[in-house]
Amino acid sequence: MNLKNLTTMLAAQSLLAGAAVAQTCTPSAGALNDTSGTVTIDTCSSADQLTSICNSSTPIGNAPDTIYSIDGLVAINAGINVRPAGYDAYVAVLQGTCSGGATCVRESDSNGAGGAETVSLAGLSPGNYFLLITSFAAAGNCGSTEVQPVPTPVALRSFSID
Ligand SMILES: [Ca+2]
């Protein structure tokens, strides 16, 4: 991308971010809870629902947006591992409403293409939450993805070796 295109893109994104009405989304991938186990989804099959998230402050472009309802996982302070095959995933937890204007209470973008991302839901008050799996990449931004809820382990109370 040359500088002129970049400038044009940033200007367009500023206009979108400044829009009075935030985009809404739907958790079309379904709900995740403590009995879901590891699910595999091709995120390329998801619609591109949002162009900007985290109080409409973060442009996420044209990547498909795979969105789950995760109220049940928040209630038990679980974590979630996301393992994308071959693309650079970005994971966020939206609080309250499924929309670009919602606050992102958790985010993970620690690794590059094919790298796993993890979010912990510990410490969040029970309520409505949504897991967003998307990518900042303009192309090659989706693919087969494992989503693994990780219940918080029970604390080890005592341990001894005879
Ligand atoms: Ca998108």
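Given the criterion surrounded by fewer than 16 Cβ atoms within 10 Å (Cβ to Cβ) and touching a Phe, Trp or Tyr at 6+ places or on another chain (Cβ under 9 Å), identify the matching residue among THR38, THR97.
Answer to the selection: THR97.
Using beta carbons and a limit of 6 Å, which pairs, at least six apart or on different chains, have the first residue in segment 38-54 and over 9 Å from GLY100 (Cβ atoms) and the second one in a loop (DSSP other than H, G, I, E, B) and at pLDDT below 95?
That search, which allows pairs on different chains as well, returns ASP48/ASN62.
Conditions first: (1) within 12 Å of the chain's Cα centre (by Cα); (2) over 15 Å from ASN33 (Cα atoms). ASN81 passes all but one, so which condition is the exception?
Single failed check for ASN81: (2).
Look at SER28 and say whether it is polar (S, T, N, Q), surrounded by fewer than 21 Cβ atoms within 10 Å (Cβ to Cβ) and either within 14 Å of the ligand (Cβ to nearest atom) or at pLDDT below 90 (or both).
yes
Would you pick out the residues in segment 62-71 that are within 9 Å of the ligand (Cβ to nearest atom) and either surrounded by fewer than 17 Cβ atoms within 10 Å (Cβ to Cβ) or of a type in the set (S, T, N, Q) (or both)?
If the condition is that a residue be within 9 Å of the ligand (Cβ to nearest atom) and either surrounded by fewer than 17 Cβ atoms within 10 Å (Cβ to Cβ) or of a type in the set (S, T, N, Q) (or both), then ASN62 is the only one that fits.
Rundown of residues vs (1) in a loop (DSSP other than H, G, I, E, B); (2) buried (at least 18 other Cβ atoms within 10 Å of the Cβ); (3) β-branched (Val, Ile, Thr), yes/no style:
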{"site": "ASP48", "(1), (2), (3)": "yes, no, no"}
{"site": "ASN55", "(1), (2), (3)": "yes, no, no"}
{"site": "ASP88", "(1), (2), (3)": "yes, yes, no"}
{"site": "ALA92", "(1), (2), (3)": "no, yes, no"}
{"site": "VAL105", "(1), (2), (3)": "no, yes, yes"}
{"site": "ILE133", "(1), (2), (3)": "no, yes, yes"}
{"site": "THR145", "(1), (2), (3)": "no, yes, yes"}
{"site": "SER160", "(1), (2), (3)": "yes, no, no"}
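The values are calculated or read from the model by the stated rules, or taken from the named source; none is laboratory data. Bear in mind the structure is a predicted one, so any value in this text is a computation, not a measurement. Because the Cβ atoms are built from the backbone with ideal geometry, glycine has one as well, and the counts that use them run over all protein chains shown.
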